[in-house]
Amino acid sequence: MTYPHKVTPGHALAPRASVASLVPVPVPAPVLVLVLVLAAALALAGCGGRATTHHKPGTSHQEATGSSGTLLPTRDEGGHRLREVPTADAPTVKAEARPDSEGGWNVHLTVERFRFTPESTGGAALPGRGHARLLVDGRETARLYGPWGYVPPGAHTVTVRLHADDHTVWAVAGTPVQTAVRLDGTPAPATSTPAATTPSAPASPRPTPSAPASPRPTESRPPDPGRTVTLTITGKTVSPPPSRIELKKGERLTLRVTSDRADTLHVHGYDRELPLPPGAPASLTLTVDRTGLFEVETHESGLLVTQLVVR
């Protein structure tokens with residue numbers, strides 16, 4: 001005799017699993033595709049992508065730069081708007097042109113309250129940061145992301161203008177921060193650089209005979225040639241063998257390199273390059289204005305030529 005199963009209060013019979021309940025239910029193909037697309041979209045949204053310093057969608061470079069100065073409606077000849085800052089906070093720039101041994105001119109910049117930031121070009125305009133632009137005879141020819149630039153032969157006037165990372169022009173009293181240099185020996189035209197200018201001799205009511213003559217010896221003194229290091233590359237061999245060149249910050253260095261094949265010399269950290277023609281010496285001059293260890297290599301052959309140690 002069988003007895004029915006007794007159910008006590010608070011308990012329930014466990015349901016029996018049937019064969020039908022274990023068979024997977026097929027999912028329609030369109031539904032499956034939709035699920036996969038949504039999952040991929042959510043994954044991409046969660047990653048966020050690489051961070052960028054560029055402006056937000058729907059805004060221009062000039063409108064996405066916070067409160068760094070005052071954006072003026074005025075534009076330079078290249079269409080870049082001016083960004084007004086107080087004189088006390090404004091950067092300054094001076095330029096010196098030196099003849100290049102192979103023709104043209106090497107232009108050296110001296111800046112204050114300003115540093116070159118090639119890594120953030122296109123981002124927001126932060127105080128005292130950005131790049132410079134060279135205008136040769138009134139026409140923009142190059143950007144500078146460091147203190148050195150080159151002007152080919154035939155130029156008469158070089159103007160150097162300071163820009164912010166968002167490509168606006170740093171300005172004071174409605175005029176760009178810039179300086180100009182004559183390459184033909186005549187006096188440079190008036191510039192709008194906010195750097196302090198010394199009054200000319202006629203402005204003094206009673207100039208003494210020695211007053212105007214005092215600065216002339218300093219201005220006509222030739223620049224310090226600095227150090228010259230001569231290197232020779234033959235196949236995979238560098239002579240003298242790669243070593244460390246000890247330098248002081250601000251020192252001027254000339255690398256004179258002769259390679260038996262066409263190549264390119266690259267100074268890391270300064271982003272300076274020098275084409276090496278086969279069998280002919282080539283020279284690269286730079287002022288080491290930052291401290292650290294910097295390697296000098298060739299692009300094509302991948303050779304370590306030397307190392308610069310700047311203290």
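Bridgeable aspartates and glutamates around Lys248 (alpha carbons under 13 Å apart, same-chain partners fewer than 8 residues away excluded): Asp289. Whole-Hz Karplus values for segment 238-246 come out as 10, 10, x, x, x, 9, 10, 9, 7 Hz, taken residue by residue from phi with 6.51 cos²θ - 1.76 cosθ + 1.60 and θ = phi - 60°; glycine and proline positions read x.
With a sphere of radius 13 Å drawn around the Cβ of Leu265, what net charge do the other residues whose Cβ falls strictly inside it have (Lys, Arg +1; Asp, Glu -1)? Taking every other residue near Leu265 into account, the sum is -3. Amide H contacts of Ile245: Gln307, Leu308, Val309, each under 5 Å away and 5 or more positions distant or on a separate chain (H built 1.01 Å from N in the peptide plane; Pro and chain starts excluded). Using a probe of 1.4 Å, the accessible surface attributed to Arg272 totals some 60 Å² when neighbouring protein chains are kept in position.
If you average 1/r over every pair of different alpha-carbon atoms in segment 217-311 and take one over that average, what Kirkwood value in Å do you get? Before the final figure, lay out each step's value.
On the way: mean 1/r = 0.0726 Å⁻¹.
Result for segment 217-311 stands at 13.8 Å.
Label segment 241-287 by shape, choosing from rounded, prolate and oblate, from the square roots a ≥ b ≥ c of the eigenvalues of the Cα gyration tensor; if a/c is under 1.5 it is rounded, and otherwise prolate applies when a/b is larger than b/c, oblate when it is not. The partial results should precede the final answer.
On the way: a/c = 2.11, a/b = 1.81, b/c = 1.17.
In terms of gyration-tensor shape, prolate.
Rounded to whole Å, the principal axis extents of the Cα atoms in segment 105-146 read 29, 20, 15, largest first. Computed from the Cβ-Cβ distance with R0 of 25 Å, the FRET efficiency linking Leu72 to Leu126 stands at 0.90.
With R₀ fixed at 25 Å, the C-beta to C-beta distance from Thr87 to Thr228 puts the FRET efficiency at about 0.05.
The values are calculated or read from the model by the stated rules, or taken from the named source; none is laboratory data. Remember, it's a predicted structure, so these values are computed and weren't measured experimentally. All Cβ positions, even for glycine, are placed from backbone atoms using ideal geometry, and neighbour counts span all protein chains on display. SASA here: full protein model, heavy atoms, side chains in, ligands and nucleic acids out. Shrake-Rupley method; radii C 1.70, N 1.55, O 1.52, S 1.80 Å.
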